[in-house]
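Data first, discussion second: the structure below is written as structure tokens.
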Amino acid sequence: MTEHPAVGAARLHIDWTRCDGRGLCTELLAGRLARDEWGYPLARQAAPGDRSDVALSPGELDAARDAVSLCPRQALKLTSAP
Amino acid sequence: MDAALWAIGRGTGVVALVAITLSVLLGIVTRSGRPLPGLPRFSITLVHRNVSLVACVFLLIHIVSLFFDSFAQLTLLDIVVPFFGSFLPFWQGLGTVAVDLLVAVTVTALLRNRLGLRVFRAVHWLTYAMWPVALAHAIGNGTDGTSPWFLWLSAVCTALVLAAVGWRVSARFVEFRSVRAGELS
Amino acid sequence: MTVMAARVPGALPGTAAGVVPGAVTPSGGAVPGAVSPPAGAARLFRAADASLAGHLAAYAALPQISEAEAFIEELRRSGLEGRGGAGFPVWRKLASVRASAGLSRPLSSDGTGTGTSTGTGTSTGTPMSRGRARRTVVVANGAEGEPLSLKDQTLLRQAPHLVIDGLLLCAALVGASTVSLFVSAASHEAVRRALSERPDAGHVSLTVAPEAFVAGEATAVANAVERSVSVPRDHLLHLSQSGIGGRPTLVQNVETLAQLALVARFGAEWFRSMGTPDEPGTRLVTVSGDVPVPQVLEVAGATPVDAIVAACFPAAPAGHDGSAPTAWPGVSAVLVGGYHGGWVPGSAIDLPLSRAALAVHGAAPGAGVVHVLGSHRCGLDAAARIAHYLAGQSARQCGPCVNGLPALADVLTRLAARSRDARLPAEVVRLADVVTGRGSCSHPDGTARFVLSALTAFDSDVRSHLDGRCEVHAR
């Protein structure tokens, strides 16, 4: 199930102006990201303020880096807290 | 020695062409955003990239081996500048054109984080030119270019690419296209 | 919509919180008592006309602010908040940009200038060098993308020099090398004329905003000034840290700048002499909709909404002692804040125009929009129309917004059309949640908030509609 990330965790920033809902990130981070009815990533159990900067637990960092690198639209970035 | 180099040149050329064909097909599937049986979307992207790099490697061996094969009469110039070759300059030149295009595509792909999305995409469209040029080079310049087995192979590759391109331009190509409210700006 | 945006009337009866005695010494080296500070709520429109001469006659010259930190402290004491919609404390924004530019120490969480910054996601964290300060950008935002709001263009047409004063003052405070005015087409000529009158504003550039709802969004403004493309853009860092050209950027609403120019002249205590401790000073409101005389008014902070509405009726209702009526007949609801604001039911409009009081209705003073829905109109119908407008105003950059807002508007329209599908209200709530927080700007969030507040304010009509009836329309 989705781990609860620590305070000050790394975050996955989604650039919505680039995202085309291709779904690669939702495969690599399936526990953290679902897909809405149009295919765009939807952060699970996240407050609205955290849906564009999705908090990650340490175990998800590798998959997140893959997602950043593989996103066909270069719509993802890893940032550190807050 | 020459015979060995020539054989390597021929073999790697065929493999490179098949790899490039596979890469074009996988690239189109990547663009659709759809998975394949057994291959989730991120795997498609990875396999597309890896097959492309494999094609580059075989192409490199193809060029190097033919460079050292005296029969092919390749000069360093011929590797980058087309149509100045000694042996079948036109058909060999097409190979050079294909290599030039592939280098541009590969370099921009490897540097896409620095070059940005627009440059990467614009250059990547050149793959639609690169593939037919490479195929024409193979048929026109290849030792086995017109032999039956290679023509059959070419026909199969062509059919697959045409089918994929037909799918590419169809309305339902992109996943979720039918439920989305039009294109984003 | 026709609005008399001419002279704005003064304070409403019974709303003045006190009278300002004599002249208040401004912070800085100006001559005290050169002009007496405005008494009452008529503060922003004292000039006889929009010319520089008229402005100087009414307000005197802007005093030199010698000590930036001291003035920022004065602003903090004044409690002036942004008048563009978000209501962010002005002193904080200025201090944040100054810190990003290396002109001062970063803020700590208690607001003092020591320690490392935390704050609401605008942490600089970068060490402050004593060396070169970063160049900054200041933009005055008069785009006024909100169709129900006319206050900014009114202010720019009638009191442009107050705005320019505030803009130049902010530029000096943050050491800005690039100073810009971003205005709607309606006020362009007046502002151009005002700028040409001033020798101290030769470096201020003037850009016209397109008539789009999202054109007034802060990153869209920055984008327009930088790239002539008026759409919001993605940002990892706040504008105060990295905006136009990667430089710390201050975007401030034009009314905020005008108020700031007054605080510079007359001080924080004077500013607080109107309004309440939580809502000090005055603000401009645009009253529209089903009132006889739609107009722009300047009112004291926390003025009751029904008093504002009453001011737009030709004669006050009889039998009152000067205080505002409690329940106004003929008003179904009032949309407060704007199209991203919230509906206040007609029975509750005696509440003050304050953040605290409006929060329970999902609204805030925002950009000062007060839009009256008469009791002869169906609230759900009005809400559905507005939702469709908002969906059409998407910048079309972000998937959840482009797809979600039309879906939301469609469901609301079906409700308004008296569909009997009992799942519709839940579907509205679900879609509102799906779009919230998933875009490059707050357009989807504001639209979701608006729609949800309509469901709440008109909930009895929702039930009627689901039964195939409407509380307003017999058929």
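What is the magnitude of the charge dipole of the range B:2-180 about its Cα centre, with +1 placed on the Cβ of each Lys and Arg, -1 on the Cβ of each Asp and Glu, and no other charges, expressed in debye to the nearest 20? Display every interim value, and only then the final one.
Values: 13 positive and 6 negative charges, 259 e Å.
Once rounded to the nearest 20, the dipole reads 1240 debye.
How much of the calculated P(r) for the range B:2-180 lies past 23 Å, in percent of all Cα pairs? Kindly include the intermediate steps, with their values, before the conclusion.
On the way: 6918 of 15931 pairs.
That fraction is 43 percent.
Within a 10 angstrom radius of each residue's Cβ in C:233-243, how many Cβ atoms of other chains show up on average? Whole number is fine. Intermediate values should be presented prior to the final figure.
Values: counts 2, 10, 2, 6, 1, 0, 0, 0, 0, 0, 0.
Counting Cβ atoms of other protein chains within 10 Å of each residue's Cβ and averaging gives 2.
Tilt of helix A:61-70 relative to the longest C-alpha principal axis of chain A, in degrees (0 to 90, nearest 10)?
20
When the dipole is taken about the Cα centre of the range B:1-107, and only Lys, Arg (+1) and Asp, Glu (-1) are charged at their Cβ, what size is it in debye, to the nearest 20? Numbers along the way, then the final one.
Values: 5 positive and 4 negative charges, 128 e Å.
Roughly 620 debye, rounded to the nearest 20.
Within the accessible area of the range B:2-180, what % is carbon and sulfur when the probe is 1.4 Å and the other protein chains stay in place? Walk me through the numbers before you get to the answer.
Numbers: 7130 of 9440 Å².
Heavy-atom surface of the range B:2-180 belonging to carbon and sulfur, 1.4 Å probe: 76 percent.
So what's the convex hull volume per residue for the Cα atoms of the range C:320-419, in Å³?
Dividing the Cα hull volume of the range C:320-419 by its residue count gives 111 Å³.
On the protein heavy atoms, probe 1.4 angstrom, tell me the percent of accessible surface of the range A:10-80 carried by carbon and sulfur. Present the calculation step by step, with values, prior to reporting the outcome.
Numbers: 1220 of 2480 Å².
For the range A:10-80, the apolar C and S fraction of the accessible surface comes to 49 percent.
Quick one: divide the alpha-carbon radius of gyration of the range C:138-237 by 2.2 N^0.38 Å and tell me what you get. Write down the numbers at each step before the final one.
Values: Rg = 13.0 Å, N = 100, 2.2 N^0.38 = 12.7 Å.
For the range C:138-237, the normalised Cα radius of gyration is 1.03.
For the range C:422-468, just list the percent of Cα-Cα distances falling in each 5 Å bin from zero outward, please.
Binned Cα distances yield the sequence 5, 23, 26, 20, 13, 8, 4, 1.
Taking every Cα atom in the range C:249-312, find the radius of gyration and the maximum pairwise distance Dmax, and write them in Å.
Cα only, the range C:249-312: 13.6, 41 Å (Rg, Dmax).
Given R₀ = 30 Å, FRET efficiency for C:Glu269-C:Ala53 by Cβ-Cβ distance, to 0.05?
Details: r = 29 Å, r/R0 = 0.97.
Approximately 0.55, to the nearest 0.05.
Set the Förster distance to 35 Å, then compute FRET efficiency between C:Leu206 and C:Leu237 from the Cβ-Cβ distance, nearest 0.05. Each step should come with its number before you reach the end.
Working: r = 27 Å, r/R0 = 0.77.
According to the calculation, E is roughly 0.80.
Relative contact order for chain B: what percent, with Cα pairs under 8 Å and sequence separation of 6 or more?
On the way: 200 pairs, mean separation 43.2, N = 185.
Taking the mean separation of contacting Cα pairs over the length of chain B, I get 23 percent.
For the protein assembly as shown, how big is the tail of P(r) above 35 Å, as a whole percent of Cα pairs? Intermediate values should be presented prior to the final figure.
Working: 153271 of 274911 pairs.
Pairs farther apart than 35 Å: 56 percent.
Using alpha carbon coordinates only, what is the Rg to Rh ratio of the range A:10-80, with Rh defined as the Kirkwood radius?
Values: Rg = 10.5 Å, Rh = 11.7 Å.
Answer for the range A:10-80: 0.90.
Counting DSSP beta bridges with both partners in the protein assembly as shown, what percentage is antiparallel, nearest 5? Don't skip to the answer; put the middle values down first.
Working: 29 of 51 bridges.
Roughly 55 percent of the beta bridges in the protein assembly as shown run antiparallel, per DSSP.
Counting only other chains, and only Cβ atoms inside 10 Å, what mean value do you get across the residues of B:28-37? Intermediate values should be presented prior to the final figure.
Working: counts 0, 0, 4, 2, 1, 7, 2, 3, 0, 0.
The shielding value for this peptide is 2.
In what sequence, highest mean first, do C:303-311, C:276-284, C:45-53, C:93-101 appear when ranked by Cβ atoms within 10 angstrom?
Values: C:303-311: 23.4, C:276-284: 21.0, C:45-53: 16.3, C:93-101: 26.6.
Descending packing order for the listed peptides: C:93-101, C:303-311, C:276-284, C:45-53.
Return the sequence-ordered ³J(HN,Hα) values of the range B:112-118 in whole Hz as given by the Karplus equation 6.51 cos²θ - 1.76 cosθ + 1.60 applied to θ = phi - 60°, using x for Gly and Pro.
4, 5, 8, 7, x, 5, 5
Name the residue farthest towards the positive end of the dipole of the protein assembly as shown from the options C:Ala311, C:Thr178, C:Pro63, assuming +1 on Cβ of Lys and Arg, -1 on Cβ of Asp and Glu, about the Cα centre.
Looking along the dipole axis, the top candidate is C:Thr178.
Leaving ligands, DNA and RNA out of it, work out the accessible area of B:Ile79 with a 1.4 Å probe and give it in Å² to the nearest 10.
That residue has around 40 Å² of solvent-accessible surface.
Near C:Arg385, within a Cβ-to-Cβ distance under 13 Å, what is the net charge of the other residues, with Lys and Arg +1 and Asp and Glu -1? Provide the component values of the computation, followed by the final result.
Values: positive: C:Arg377; negative: C:Asp381, C:Asp410.
Residues close to C:Arg385 contribute a combined charge of -1.
Within 10 Å of each Cβ in peptide C:398-410, how many partner chain Cβ atoms are there on average? Round it to a whole number, please. The partial results should precede the final answer.
Details: counts 9, 14, 9, 4, 9, 12, 5, 1, 2, 4, 0, 0, 0.
Neighbouring Cβ atoms belonging to other protein chains average 5 per residue here.
The values are calculated or read from the model by the stated rules, or taken from the named source; none is laboratory data. Keep in mind the model is a prediction, meaning the values are calculated, not measured. Every residue, glycine among them, receives a Cβ derived from its backbone with ideal geometry; neighbour counts consider all protein chains shown. For the accessible areas, the whole protein counts, side chains as well, though only heavy atoms, and no ligand, DNA or RNA atoms are used. Shrake-Rupley method; radii C 1.70, N 1.55, O 1.52, S 1.80 Å.
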